[in-house]
Amino acid sequence: MKFLLALAFAVLSATSGYSRTLITPSFVVVIINNEPEGVVSSDNIFYVGVSKKSGDSIKIKGQTVHTTDADGVTPSKFLGFMFKKDDVTYFVSEEGSLRVTKGKKVIVNESGEWVD
């Protein structure tokens, strides 16, 4: 039940922009982009992750990640989304992988599937 409530909260939180859902073996991750369609780079992105095992959830604000053009500033290829909470970094790639690190230690490294 806790799992379903967290997912419902994530979807309802997407009041503007759009959301995407990534399913990995251990987690359901909803990425909520609060920018209007067409905005390339943003720091108004939310991660809602729910553990399939415990049902625990976390919500973190983050940003899009891109390579940059030769000028080092202009966003180029979209790579994914990055979120930080304390010393833990969550990276969700465009290809559908979830990588969670604490310092140099990898806590989670799973591939999943976008289902939206």
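The values are calculated or read from the model by the stated rules, or taken from the named source; none is laboratory data. None of the values given here were measured: they were computed from a predicted structure. Cβ: placed from backbone, ideal geometry, glycine included. Neighbour counts: every protein chain shown.
The residues of the range 24-80 that are basic (Lys, Arg), more than 13 Å from the chain's Cα centre (by Cα) and not in a loop (DSSP other than H, G, I, E, B) amount to a single one, Lys77.
Of all the listed residues (Gly80, Gly55), the sole one being on the phi > 0 side of the Ramachandran plot and out of contact with any strand residue (DSSP E or B) (no Cβ under 8 Å at 6 or more places or on another chain) is Gly55.
Based on this model, can you work out whether Glu35 counts as acidic (Asp, Glu) and touching a residue at least 40 places away in the same chain (Cβ under 8 Å)? Against the criterion (acidic (Asp, Glu) and touching a residue at least 40 places away in the same chain (Cβ under 8 Å)), Glu35 does not qualify.
Looking at Asp69, is it surrounded by 11 or more Cβ atoms within 10 Å (Cβ to Cβ) and among the acidic types (Asp, Glu)? For Asp69, the condition - surrounded by 11 or more Cβ atoms within 10 Å (Cβ to Cβ) and among the acidic types (Asp, Glu) - is met.
A quick yes/no check of all residues on (1) at negative phi; (2) touching a strand residue (DSSP E or B) at 6+ places or on another chain (Cβ under 6 Å); (3) modelled with pLDDT of 90 or more; (4) not hydroxyl-bearing (Ser, Thr, Tyr):
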site: Lys2; (1), (2), (3), (4): yes, no, no, yes
site: Ala8; (1), (2), (3), (4): yes, no, no, yes
site: Tyr18; (1), (2), (3), (4): yes, yes, no, no
site: Ile23; (1), (2), (3), (4): yes, yes, yes, yes
site: Val28; (1), (2), (3), (4): yes, yes, yes, yes
site: Glu35; (1), (2), (3), (4): yes, no, no, yes
site: Ile45; (1), (2), (3), (4): yes, yes, yes, yes
site: Gly62; (1), (2), (3), (4): yes, yes, yes, yes
site: Ser76; (1), (2), (3), (4): yes, yes, no, no
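Filter the range 96-116 for residues that are exposed (fewer than 11 other Cβ atoms within 10 Å of the Cβ) and free of Cβ contacts under 8 Å to residues at least 12 places away in the same chain; which is farthest from Ile23 (Cα to Cα)? Among those residues, the one meeting the criterion is Lys104.
Do we find a residue being at negative phi, under 16 Å from the mean Cα position of the chain (by Cα) and assigned to a loop (DSSP other than H, G, I, E, B) anywhere in the range 86-100? Steps first, answer last, please.
Within the range 86-100, the first condition is being at negative phi, and the residues that meet it are 87-95, 97-100.
Still in the list and also under 16 Å from the mean Cα position of the chain (by Cα): 88-95, 97-100.
From what is left, the residues that are assigned to a loop (DSSP other than H, G, I, E, B) are 94-95.
Within the range 86-100, one or more residues are at negative phi, under 16 Å from the mean Cα position of the chain (by Cα) and assigned to a loop (DSSP other than H, G, I, E, B).
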